[in-house]
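Step one of this worksheet: look at the structure below.
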Amino acid sequence: RRPDDMDIDTFNIKFERLLKLLAQEAVTAGITVVVEPLSQGDTNTVNTIRDAMPWVKKINHPNLKVLADTYHMHKNQEDFKEIENTEGLLSHVHISRGDRGVPGLENCESFKPLVEVLKKINYNSRVSIEAMYKDFEKEIIYTLRRMTLQEIAELPDVSEGLENRIKVAVNTHNNLQA
């Protein structure tokens, strides 16, 4: 968030420096940093994919990408078709209903247009649910009951590689302390 007392030019210089630093640190950490557009109530800087793209393109670093969050897209009345303009720089998608609810539960708006856009751009990276459960057990059981056995079998093992990544992180941390 740009402080109210900071002019836009000063903010832009500082934000560019920050993104460059984060991209360089991401190389060392072996991760990708994403610029996530947030709703106008949450920030006054990057609210849409259209706002995020010039920053990512300007920094032009392989470890700096864009994230699309359907909750913030709903809040900002941003069409899912804006994702088509990410030019191969989309690295992650958060999905939830416009009320931050869990997709797939009753009164859920359709995510078919999102799926169509992701297919159109040949997106093959991560999609995660970033939602608020009112009653997790009830809602997860409801969701699982609606899934076919094939869909359940195709769910990814989210722990895959996690143990090794934790071990590497601990070893790296220990080596830094020496």
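Using bins of 5 Å that start at zero, the share of Cα-Cα pairs per bin across segment 1-156 amounts to 2, 8, 15, 18, 18, 15, 11, 7, 3, 1, 0, 0, in whole %. Once both labels are positioned 7 Å from their Cα atoms along Cα-to-Cβ, the gap between Thr148 and Asn85 label points is 3.7 nm. Per residue, the accessible area of segment 1-139 comes to 61 Å², computed with a 1.4 Å probe over protein heavy atoms only. How large is the Rg to Rh ratio of segment 34-115 when both quantities use alpha carbon positions and Rh follows Kirkwood? On the Cα set of segment 34-115, Rg over Rh gives 0.98. Full extension of the chain segment joining Glu130 with Phe15 gains 38.8 nm, where the gain is 0.36 nm per residue of separation less the Cα-Cα distance.
Counting only protein heavy atoms and a probe of 1.4 Å, the accessible surface of segment 1-139 is 48% carbon and sulfur.
Take the Cα of Ile8, go 7 Å toward its beta carbon, and the backbone nitrogen atoms of segment 44-76 under 19 Å from that spot belong to 44-59. For the pairs Lys20/Lys112; Lys14/Lys119; Lys58/Lys134; Lys75/Lys112; Lys20/Lys75, flag any whose C-alpha to C-alpha distance is greater than 30 Å. Long pairs (Cα-Cα over 30 Å): Lys20/Lys112; Lys14/Lys119; Lys58/Lys134.
The values are calculated or read from the model by the stated rules, or taken from the named source; none is laboratory data. From a predicted model like this one, the values you see are computed outputs, not experimental measurements. Positions of Cβ are generated from backbone atoms using ideal geometry, with glycine treated the same way; all protein chains shown enter the neighbour counts. Protein only, heavy atoms only, side chains kept; ligands, DNA and RNA dropped before computing areas. Shrake-Rupley method; radii C 1.70, N 1.55, O 1.52, S 1.80 Å.
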